[in-house]
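The values are calculated or read from the model by the stated rules, or taken from the named source; none is laboratory data. Quantities reported herein were computed from a predicted structural model and do not represent experimental measurements. Every residue, glycine as well, gets a Cβ built from its backbone with ideal geometry; the counts of neighbours run over all protein chains shown.
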Amino acid sequence: MAAGASNPSDFVPVLRWIDYNGFEKNLAKTHSRMDRLMQGLIDEHRRDRSKNSMIDHLLSLQESQPEYYTDGIIKGLIVVMILAGTDTSAVTLEWAMSLLVNHPEVLKKARAEVDAHVGQESLIAEHDLNKLPYIKSIILETFRLCPAAPLLVPHMASDNCTLGGYNVPRGTLLLVNAWAIHRDPKTWDDPTSFKPERFEDGEVEGHKLMPFGLGRRACPGAGLAQHVVGLALGSLIQCFEWEREGEDPVDLSEGNGLTMPKVEPLEARCKARDVMKKVFCNVANDA
Ligand code: HEM
């Protein structure tokens with residue numbers, strides 16, 4: 001549960017003086033490696049401007065507004081997209097698949113929904129997602145039980161304030177335990193069980209379910225993430241039969257990390273479904 005807040009020096013500032021665990025030194029080393037990698041990407045795109053990527057667009061903006069779109073800003077934007085957007089979506093997908101193989105009845109219902117609304121003739125596409133409310137409920141239930149950022153991202157009080165009856169001085173580090181809020185028995189019925197049906201009646205209030213945080217600093221990638229996870233999960237369900245490796249349920253222990261990883265990576269059996277044969281035939285015919 002230390003995800004998002006795993007540097008002890010943030011809580012015991014004296015540890016910063018001795019660079020406890022070599023944290024600052026490692027940070028500086030990682031920063032300079034990342035910086036070299038990002039600078040390499042920018043230089044590559046600067047040499048070949050024929051592509052249509054985010055970096056190319058940012059380089060065009062650099063030409064018109066050089067004082068704002070510096071290489072530093074572009075590098076920062078690339079890093080934030082990669083760091084904030086990839087692992088969060090990937091771990092969510094792994095948690096969703098783990099929960100599904102542990103609940104074959106839910107998987108069966110999801111497969112039936114995909115088969116009824118998308119079929120086995122063509123691969124699921126983004127525009128199919130709004131025809132799949134049960135898949136959406138599975139994703140919401142995964143966000144509830146296994147939020148990729150269980151403590152959101154550390155915030156700091158910009159002024160003195162009172163929070164839940166406590167006086168919070170300006171500058172205090174604030175952590176929101178979304179994991180605990182999502183499992184609060186006062187809010188959720190049978191909170192530790194995986195029941196996507198609880199979302200079938202529609203939207204949930206923001207203060208009960210907040211995998212993307214709330215307010216002005218909430219995740220700007222929430223819409224994109226929901227589409228990416230929906231499309232990836234829908235494709236895995238449409239294209240393969242899934243089952244557990246053995247009789248035992250998949251281990252759902254939670255590990256430490258910036259995003260909440262599984263202690264044991266998911267291992268499951270899969271068998272290709274008809275749509276895969278069609279896709280491969282089409283690819284072969286097109287070649
Ligand atoms: C399942 C996927 C994702 C989850 C669970 C997630 C969750 C979060 C959370 C909890 C925060 C902090 C909110 C707060 O401070 O209270 C955040 C911030 C952020 N996320 Fe995401 N995120 C996901 C995907 C993405 C994607 C795909 C992108 C962009 C491509 C993205 C970009 C960002 C950025 C830039 C911030 C910082 C916003 C700020 O500080 O103002 N995230 N995300």
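At a glance:
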| read-out | value |
| --- | --- |
| ILE124, sole failed condition from (1) closer than 24 Å to PHE280 by Cβ; (2) part of a helix (DSSP H, G or I); (3) of a type in the set (Val, Ile, Thr) | (2) |
| From the options ILE237, ILE181, residue that is under 20 Å from the mean Cα position of the chain (by Cα), over 25 Å from LEU83 (Cβ atoms) and β-branched (Val, Ile, Thr) | ILE237 |
| Near pairs, Cβ below 7 angstrom, 6+ apart or cross-chain, from region 268-287 (loosely packed, with under 13 Cβ neighbours inside 10 Å) to any residue that is of a type in the set (A, V, I, L, M, F, W, C) | LYS271/PHE240; ALA272/CYS239; ALA272/PHE240 |
| Qualifying residue in region 103-117 (condition: within 16 Å of the ligand (Cβ to nearest atom) and either hydrophobic (A, V, I, L, M, F, W, C) or modelled with pLDDT of 95 or more (or both)) | no |
| Members of region 168-198 found to be within 15 Å of the ligand (Cβ to nearest atom) and either touching an Asp or Glu at 6+ places or on another chain (Cβ under 7 Å) or of a type outside the set (Gly, Ala, Ser) (or both), listed by number | LEU173, LEU174, LEU175, VAL176, ASN177, TRP179, ILE181, HIS182 |
| Candidate set: region 218-247, residues that are surrounded by fewer than 18 Cβ atoms within 10 Å (Cβ to Cβ) and either in a loop (DSSP other than H, G, I, E, B) or among the polar types (S, T, N, Q) (or both); chosen: the one nearest to the ligand (Cβ to nearest atom) | GLY221 |
| Count - residues of region 146-167 that are among the β-branched types (Val, Ile, Thr) and either within 16 Å of the ligand (Cβ to nearest atom) or within 20 Å of the chain's Cα centre (by Cα) (or both) | 1 |
| Complete set of residues in region 165-180 that are over 10 Å from PRO150 (Cβ atoms) and without any contact (Cβ under 8 Å) to a residue 60 or more places away in the chain | GLY165, TYR166, ASN167, VAL168, PRO169, ARG170, GLY171, THR172, LEU174 |
| Within region 100-114, considering residues that are among the charged types (D, E, K, R) and either in contact with a Leu (Cβ under 6 Å, 6 or more places away or on another chain) or without any contact (Cβ under 8 Å) to a residue 24 or more places away in the chain (or both), the one surrounded by the fewest Cβ atoms within 10 Å (Cβ to Cβ) | GLU105 |
| Flag for GLU197 being charged (D, E, K, R), at negative phi and at pLDDT 95 or above | yes |
| In region 197-217, the residues that are assigned to a loop (DSSP other than H, G, I, E, B) and either exposed (fewer than 13 other Cβ atoms within 10 Å of the Cβ) or among the polar types (S, T, N, Q) (or both) | GLU200, ASP201, GLY202, GLU203, GLU205, GLY206, HIS207, LYS208 |
| Test: THR162 is part of a strand (DSSP E or B) and surrounded by fewer than 18 Cβ atoms within 10 Å (Cβ to Cβ) | yes |
| Subset of region 46-61 [acidic (Asp, Glu) and not in a helix (DSSP H, G or I)] | ASP48 |
| Condition broken by PHE11, with the remaining ones in (1) farther than 26 Å from TRP179 by Cα; (2) exposed (fewer than 15 other Cβ atoms within 10 Å of the Cβ); (3) among the aromatic types (Phe, Trp, Tyr) satisfied | (1) |
